[in-house]
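The structure appears below as structure tokens.
The values are calculated or read from the model by the stated rules, or taken from the named source; none is laboratory data. Since this is a predicted model, take the numbers as computed values, not measurements. Here Cβ is always computed from backbone atoms with ideal geometry, including for glycine, and neighbour counts include all displayed protein chains.
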Amino acid sequence: MDSAGIPSLKGLILLDGEGKRIVARYYASPFSTSAEELAFEKKLFEKTSRTNAKLEAEIIILDGLITVYKNSADVWLYVVGSQSENELILVNALVSFHEALQNALRATPDKRLLLDNFDTLLLAIDELIDGGTFLELDSDAIVNRITMKGSDAGSAGIGDGSVVGGFTEQTFNSMFASARDQMARALLK
């Protein structure tokens with residue numbers, strides 16, 4: 001927790017079944033270089049990969065940071081906070097994030113599905129956290145924002161095929177699909 005007592009986190013990490021980064025976002029990072037981040041992720045994966053964290057989130061303290069983690073198919077999800085952070089809030093954030101991904105993707109998140117829907121993954125992270133501060137911990141609200149459902153989307157005309165800012169919804173979706181494909185190709189090289 002920061003000095004104002006607002007719950008926050010240091011990072012959100014997704015690793016594949018081999019410990020390789022799918023995505024990692026660090027906030028007020030305790031690591032000064034990207035090499036230190038990768039070393040932490042490697043150590044974290046080595047400590048957690050042999051545990052059974054499929055049904056419930058597990059907690060570990062590593063390098064002075066509290067990390068809650070969960071396994072989903074061939075993906076490991078981690079939420080990292082300071083030692084002064086409330087573990088229950090971190091667990092709630094992890095569970096909400098996992099449920100939001102599962103509901104938005106309509107399947108259990110695995111590496112292939114996450115790479116194919118990288119835009120949805122990034123939107124889910126952005127709806128959960130902003131600069132290390134939790135924005136939303138309700139998985140249904142996160143899904144509604146990702147899929148642009150609700151009062152904001154209805155008033156803007158999104159979702160009904162109407163023209164929004166000169167682009168139709170179909171054009172908007174094709175732009176995201178193109179960006180997702182380029183990102184997946186770049187990551188798989």
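Here are the numbers:
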item: Extreme residue, nearest to GLU18 (Cα to Cα), among residues of region 60-77 that are β-branched (Val, Ile, Thr) and surrounded by 14 or more Cβ atoms within 10 Å (Cβ to Cβ); result: VAL75
item: Residue satisfying condition, being more than 20 Å from PHE176 (Cβ to Cβ) and at pLDDT below 95, within set GLU136, GLU127; result: GLU136
item: Filter result (touching a helix residue (DSSP H, G or I) at 6+ places or on another chain (Cβ under 8 Å) and closer than 18 Å to LEU105 by Cα) within region 116-136; result: ASP116, ASN117, PHE118, ASP119, THR120, LEU121, LEU123, ALA124, ILE125, GLU127, LEU128
item: Candidate set from region 107-121 (those that are of a type in the set (S, T, N, Q) and crowded, with 18+ Cβ neighbours inside 10 Å); member that is farthest from the chain's Cα centre (by Cα); result: ASN117
item: Residue match in region 53-72 (condition: touching a strand residue (DSSP E or B) at 6+ places or on another chain (Cβ under 7 Å), closer than 24 Å to ALA184 by Cα and not basic (Lys, Arg)); result: no
item: Qualifying residues in region 84-98 (those that are farther than 13 Å from SER8 by Cβ and over 15 Å from the mean Cα position of the chain (by Cα)) - the one surrounded by the most Cβ atoms within 10 Å (Cβ to Cβ); result: GLU87
item: Residue satisfying all of: in region 23-37; surrounded by fewer than 16 Cβ atoms within 10 Å (Cβ to Cβ) and without any contact (Cβ under 8 Å) to a residue 24 or more places away in the chain; nearest to the chain's Cα centre (by Cα) among these; result: SER34
